[in-house]
Structures are given as C-alpha cells and as structure tokens.
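Structure first, commentary second.
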C-alpha cells in the first residue's frame, strides 16, 4: 500500500530522503537531464528558477521508500499547469502507482485553480516510431490519458524538430480536468509560448518558438479525435481536497470520561461533539486515532513531583467524588501537607478546577492527541488539529488550574523544538500562562498570547505586557493584554502585530492554542467576535505558510461553538492555500 503526498521543502529529514530518491530516479529514467538541474531540485521547490513557474513535487511512498513521483509546474500568471515528469520506480509499473499519481496531479491542478493541464507524450504513429516496443509503450500511454479526456493538440507544429537533424518532438497534450471548457486560440498560444520559453529556452530558438506559436490557428484550439475510446468514458476529477492537503484531526477519545456535572462547570463533553458536528460540514479533514506516547514527554515540561501527585490523587478517588483545592501555601510553600486532598492547593492556582478519578486519564490522552498531531508535522502533514478536552494552556510546570491539568500544547511544542524553532500563538480569551511559565527562560520557543487584560480576566496575576521573558528567553515572550470590550475589527489589528513578531522569529513550526471563548456571548469572556471574524483570523494565520498544529483550548457557548470553529478552519485552510502551503 502506498500513499501520495506533496513535498514543499527539504527542511524535514523525511523530505530530504524522498527528494534524494526522486533525484536518483531522474538520473536512471531520464538520462537526458543535466545533473545541474537534478541537483537544483530542492532549490526549485522554494525558489523556482523559471519566472512565474512554481514547482509542485508529489511522491508515492510506502514504508520502504519512494515508489514514484510527479513534478508539476504551475504557471501562476496564466493559470495552467505543465506536467514535467511523472514516473514509477523500476519494477513498480504494474502496481497502479502511475495512474494514482496522475489522478493526484489532476486534483492538485484543481486545488491550484488551474484551468487546464498540459504535458508531452511521444508519438503513437507507427511511421514516426520504428521501434515496436517504444511504439506500443506510446500507444498505451496515450490510451491511458484518453480515459480522462486528454488528447494531443491538433494542427500545430509543436511536434516538429526544434533543430535540424533532431527527431520528431513529442505531442503536446491538453487535459481540461473534466470541466469541459474549450481552449481558446489566444490562450493556447500564450501557454505554448510559456512552455517553450520557460522550460525549453536552452534548445528552442526564438524563431522556432514564434513559428510554433503562429501555427496555432484554430479557435477554439482543436484536439485530436478520440483514437482509443470516446468522450462517454471520460473519468471526472473529484472536486475535493487531496488527502495529504487535508487537516489531520485527532480527537480525544477519552474526553467524555471527564464529566463534572456540577452547576457552573462549563467544561462539558458537549463542547467536542458540537465542534466535530460542524467541522463535518467541511470537506477539509482527515482523521487519525491518537497514538500512545511515553510519559517522559510530559516530564520534559512538567515537574515530576507534580505529575506523580496528579496521577496518585486521581487514582485514589471514587468515581463519583471530586476534590476542590481550598487551602493554599501562601505562608509556607516549602512543606506540602501529608494529606493528598489538602495538598491539592499546593499544586493548583484556583479553587474551581476539581480533581477526580478521570481527570488524569483524560488529560493524559489529550497530550497523546497533541503529540500525534505534532509527529505528523514531521512526516509531511502541513496542518493538524488536536480536538481535545480538558484544555491545557493554564497548566504550568508544577501547577494545574483553569480546567487545565497537563499543558498539551507545551508538550507538543517541546517535542517539535528538537527539530527546529517553535512559535506558540495563544488566541484564547484567557492568558496562556502555562506555556509562558514553561518556556520563559528559553529562546528556541517563542510564546505569544492575545488575551483579556489580567485586571479583569483570569488568571489575573499573569499576562501583563511587561512580562517579556528572562535570561536567554528575554524578548521571546509577548503578551497582548487587550481591553474588556473588543470586536473583530480591533482584534485583527493585534493579531497581525503578533504574526509580524512570529515572522521575525522565523520558526519552523507553529502551535496555535485555539480558544473560541473570544466569541460574542461566551459565558467566560467579554469580547464580541463573530463567525466572519474567526474566518478572517484563521486566514491570516494560514497565510504564515508554516506547518501548524492547532490545539483546542477554551470556548463554552455550545450554541455557536461549532460554527465559529468551522469558520476558523475554513479561513485557516484558505490562507494556507493562498500561501502555497497546500
């Protein structure tokens, strides 16, 4: 079984290995390519040498390596795509890899907004191909493409030799991507000129290019009649996002065991179902089960004594009992009491976050979800979403509170920090005190939080603009403590300033702590953001073009919670698409 994914750069080791495999396949199967061009493949992914061409690299992989690839050139100015190379590895040609790659190419073209796909095929005329084996291969190739309605452009000199003594050039094939649109003459001429000048300038003279362009006289441009089938057998392109471009969603499958049915406790299981129901209306997600990770990952951000206490205390309680902290170590913080229930105040920052039997396993599973999303970024996923509860951004190195027990986002950021710089953007209504405290003295993880001013918003004692980090972490913590009354137009100005700081930090990964409690009528907030504001916020975050993990935090008005989430992710995906990230 193989999967197909797009490779955007060579920053990750998994991408480096795939690119090296593609380069070797180019050397083996396309022997006329200059080594310099093969060597520049990684550079072409991020800095295309041809003007107004963006390279798209797709690979078909198994656990044993790359089994095929396609290189697609996207002409952003003329809105067409040119399929430069498509190949399966040797001894893999009968495994359906070439066909699957071509279908993925067509999906990518639609995703890019291309109005057509062009590529070259060697002639299937027996008079032009004396070698019987080569002729049959050419026939099979053009027969395959006809299944999608793609046929050679007729009545042009494109296939005439570019230089005296050359053999016949390949046909130029046009695939309308199942749209049924015709190719007008002026558009066809512009496309042919762009292909010859941008791809083949080293071998085609200006005079030859002009002659080929002038030979396109039909309007609309004519395609060769069907030779191996008919229009009725044409296969449509599915109008959907390719799997590898979708947002990976990981849902905490143990969140509902943590259900506190006491009056005023707004952190209820219905939050997850309301979000998931609305996100189901978007055809942008693929789903993954959370994987189990060693507890050592938690220990990288949380105090061992705190973790041990939380586990022991939760396990000691009956299923129908909760313990609320009520005694706090104001006078003497060095001598915790013996009684575990009384010791809750030693590790907690408020009086309304209960410990019960299921708090630990639910929070532990939320960490697994965030880590599952984080690890997917290292294997080529561009965006992941950990839909979890309980939330985590108020959990500090050795303290819980604000309905948070373990800081899932901080654990994921710590994991990613082993592979490059990480920025955490907290857009919950309440200050992200947990990750601020955890990374306060570090310069490899930038923490940015937009929240209600602590003079009126929880957690009250942190989140001031003067808190900028300490030691090596100085200037790597940024707080936007905002006014009590704020609408979406005001909010976006601060968000764009936050994103400007993140761009300056140049992280490899972005972790977003998503709070939907910034919405109008949320019971824990005072702001008035609406669905359109969430979509705009998501779009500007997506425009960052960074591999992004979103971790669910607050948001408690379950009547509109899912709708706001849907708009946020629609905007996030649109922004990422505009940034060329998907």
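Does residue 521 meet the test of being in the same structural domain as residue 449 (by TED's automatic domain parsing), more than 24 Å from residue 407 (Cα to Cα), in a loop (DSSP other than H, G, I, E, B) and in contact (Cβ under 8 Å) with a residue 24 or more places away in the chain? So residue 521 fits the description; yes.
Taken together, 409, 399, 413 contain a single residue that is within 18 Å of residue 306 (Cβ to Cβ), in the same structural domain as residue 504 (by TED's automatic domain parsing) and within 19 Å of the chain's Cα centre (by Cα), which is 409. Inspection of region 365-375 finds a residue satisfying the criterion of being in the same structural domain as residue 509 (by TED's automatic domain parsing), farther than 16 Å from residue 301 by Cα and surrounded by fewer than 19 Cβ atoms within 10 Å (Cβ to Cβ).
In this structure, is residue 505 at pLDDT 95 or above and either more than 22 Å from the chain's Cα centre (by Cα) or surrounded by fewer than 23 Cβ atoms within 10 Å (Cβ to Cβ) (or both)? Considered against the rule, which asks whether it is at pLDDT 95 or above and either more than 22 Å from the chain's Cα centre (by Cα) or surrounded by fewer than 23 Cβ atoms within 10 Å (Cβ to Cβ) (or both), residue 505 comes out as yes.
Can you pull out the residues in region 421-441 that are surrounded by fewer than 23 Cβ atoms within 10 Å (Cβ to Cβ) and either in contact with a strand residue (DSSP E or B) (Cβ under 7 Å, 6 or more places away or on another chain) or more than 15 Å from residue 396 (Cα to Cα) (or both)?
Our first condition is that a residue be surrounded by fewer than 23 Cβ atoms within 10 Å (Cβ to Cβ); within region 421-441, this holds for 421, 437, 440-441.
Selection gives 421, 437, 440.
Considering (1) assigned to a loop (DSSP other than H, G, I, E, B); (2) modelled with pLDDT of 95 or more, the lone condition that residue 298 does not fulfil carries the number (1).
Each row is one residue, and each column tells you yes or no for (1) at pLDDT 75 or above; (2) in contact with a helix residue (DSSP H, G or I) (Cβ under 9 Å, 6 or more places away or on another chain); (3) in a loop (DSSP other than H, G, I, E, B).
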| site | (1), (2), (3) |
| --- | --- |
| 213 | yes, yes, no |
| 216 | yes, yes, yes |
| 227 | yes, yes, yes |
| 241 | yes, yes, yes |
| 256 | no, yes, no |
| 263 | no, no, yes |
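From the list 184, 193, 141, 198, the one residue that fits, being surrounded by fewer than 20 Cβ atoms within 10 Å (Cβ to Cβ), within 20 Å of residue 77 (Cα to Cα) and touching a strand residue (DSSP E or B) at 6+ places or on another chain (Cβ under 7 Å), is 198. For region 328-348, the count of residues that are modelled with pLDDT of 90 or more, touching a helix residue (DSSP H, G or I) at 6+ places or on another chain (Cβ under 8 Å) and either in a helix (DSSP H, G or I) or in the same structural domain as residue 447 (by TED's automatic domain parsing) (or both) is zero.
Residues of region 500-518 that are out of contact with any helix residue (DSSP H, G or I) (no Cβ under 6 Å at 6 or more places or on another chain), closer than 25 Å to residue 421 by Cα and in contact (Cβ under 8 Å) with a residue 40 or more places away in the chain: 501, 502, 503, 505, 506, 507, 508, 510, 512, 514, 515. Residues in region 121-136 that are out of contact with any helix residue (DSSP H, G or I) (no Cβ under 9 Å at 6 or more places or on another chain) and surrounded by 14 or more Cβ atoms within 10 Å (Cβ to Cβ): 135 only.
Hey, any hits in region 546-556 for a residue that's farther than 23 Å from residue 434 by Cβ and either surrounded by fewer than 23 Cβ atoms within 10 Å (Cβ to Cβ) or in contact with a helix residue (DSSP H, G or I) (Cβ under 6 Å, 6 or more places away or on another chain) (or both)? Steps first, please.
Going residue by residue through region 546-556, those that are farther than 23 Å from residue 434 by Cβ are none.
Looking for residues that are farther than 23 Å from residue 434 by Cβ and either surrounded by fewer than 23 Cβ atoms within 10 Å (Cβ to Cβ) or in contact with a helix residue (DSSP H, G or I) (Cβ under 6 Å, 6 or more places away or on another chain) (or both), one finds none in region 546-556, hence no.
Hey, could you check region 538-560 for residues that are touching a strand residue (DSSP E or B) at 6+ places or on another chain (Cβ under 8 Å) and assigned to a helix (DSSP H, G or I) and say which is farthest from residue 519 (Cα to Cα)?
Filtering first and then ranking leaves 542.
For every residue, the table says whether it meets (1) at positive phi; (2) under 34 Å from the mean Cα position of the chain (by Cα); (3) assigned to a helix (DSSP H, G or I).
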position	(1), (2), (3)
143	no, no, yes
174	no, yes, no
193	no, no, yes
198	no, yes, yes
201	no, no, no
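Could you list, in sequence order, the residues of region 467-494 that are within 26 Å of residue 547 (Cα to Cα) and either within 20 Å of the chain's Cα centre (by Cα) or in a loop (DSSP other than H, G, I, E, B) (or both)? Result: 468, 469, 474, 475, 476.
The values are calculated or read from the model by the stated rules, or taken from the named source; none is laboratory data. These figures come from a predicted structure and were not determined experimentally. When we count neighbours, we look across all protein chains shown, and the Cβ atoms used for this are built from the backbone with ideal geometry, even at glycine.
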